[in-house]
């Protein structure tokens with residue numbers, strides 16, 4: 001294999017989602033020996049302030065901590081930075097200002113994947129702060145895809161599920177509830193469901209819905225492997 005780039009991962013947002021990202025990187029990389037895998041430097045920084053609380057005006061700004069994490073990863077040898085959290089991309093400007101290496105935007109590559117599928121309406125399962133920043137809505141519309149969102153009551157359920165997953169609850173009740181939310185978006189006309197929160201793929205699979213499921217985690221995994229010069233497993 002040719003020389004590959006070292007990948008820096010801003011993680012801990014949350015830890016289980018970071019572990020899931022790492023595991024998927026390993027599973028998706030074609031390798032017959034250790035050296036065929038990418039070198040990853042993971043900052044499982046669980047002390048970065050809560051992105052959703054900040055958006056509600058109740059917490060500290062996460063931007064400075066995200067910038068510090070990115071800077072630390074570059075100093076440690078990362079040649080490209082990724083972040084296993086959708087909502088934190090609202091603070092992308094802070095991250096980019098702190099580094100001189102490329103940053104792969106999880107939102108942008110996921111939207112591109114959805115647009116390439118030819119979908120006209122995409123349901124978005126995401127956190128409050130991600131939706132408030134219109135990270136998916138505006139990007140989808142620019143690509144000619146109509147975003148489909150949960151109503152207020154269902155979105156409150158979505159946030160409850162996110163924090164239950166963060167607490168370690170990935171049991172049947174949470175899985176069924178997440179699938180129900182996805183099916184509600186399908187009932188509203190969504191042809192594709194975007195798992196726009198890295199906690200979602202921990203409990204929702206393509207088998208749970210009628211249409212296509214696009215996991216932002218999986219899209220970022222594939223883009224990261226390709227960008228860093230690794231080989232995708234067929």
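Each value in this text was obtained by applying a stated rule to the coordinates, not by laboratory testing. All values reported here derive from a predicted model rather than from experimental measurement. Backbone-built Cβ (ideal geometry, glycine too); neighbour counts: all protein chains shown.
Here are some notes:
- Cα pair distances in segment 107-216, grouped into 10 Å bins until the bin that holds the longest one, percent each: 16, 53, 29, 3
- For segment 12-150, the C-alpha radius of gyration sits at 1.12 times the compact-globule guess of 2.2 N^0.38 Å, with N the residue count.
- Taking each DSSP H run with n ≥ 4 as -39500 (n - 2.57) and averaging over every residue of the chain yields -13500 deg cm²/dmol at 222 nm.
- Between 0 and 90°, nearest 10: helix 63-75 axis offset from the chain longest Cα axis: 30 degrees
- Evaluated over the chain, the Cα radius of gyration and Dmax, each in Å: 17.0, 51
- Each Cα pair of segment 74-158 feeds into the Kirkwood radius, which the Stokes-Einstein equation turns, at 4 °C and 1.567 mPa s, into a diffusion coefficient of 92 µm²/s.
- Potential lengthening between residue 212 and residue 97 on full extension [0.36 nm per residue; Cα-Cα distance subtracted]: 37.8 nm
- Label point distance in nm, residue 39-residue 142, each placed 7 Å from Cα along Cα→Cβ: 3.3 nm
- Computed E for residue 172/residue 28 - FRET, C-beta separation, R0 30 angstrom, nearest 0.05: 0.65
- Springs between Cα atoms under 10 Å define the GNM used for the chain, and in it the highest mean-square fluctuation of 148, 221, 101 occurs at 101.
- Taking every alpha-carbon pair within segment 175-231, the share separated by more than 19 Å comes to 32 percent.
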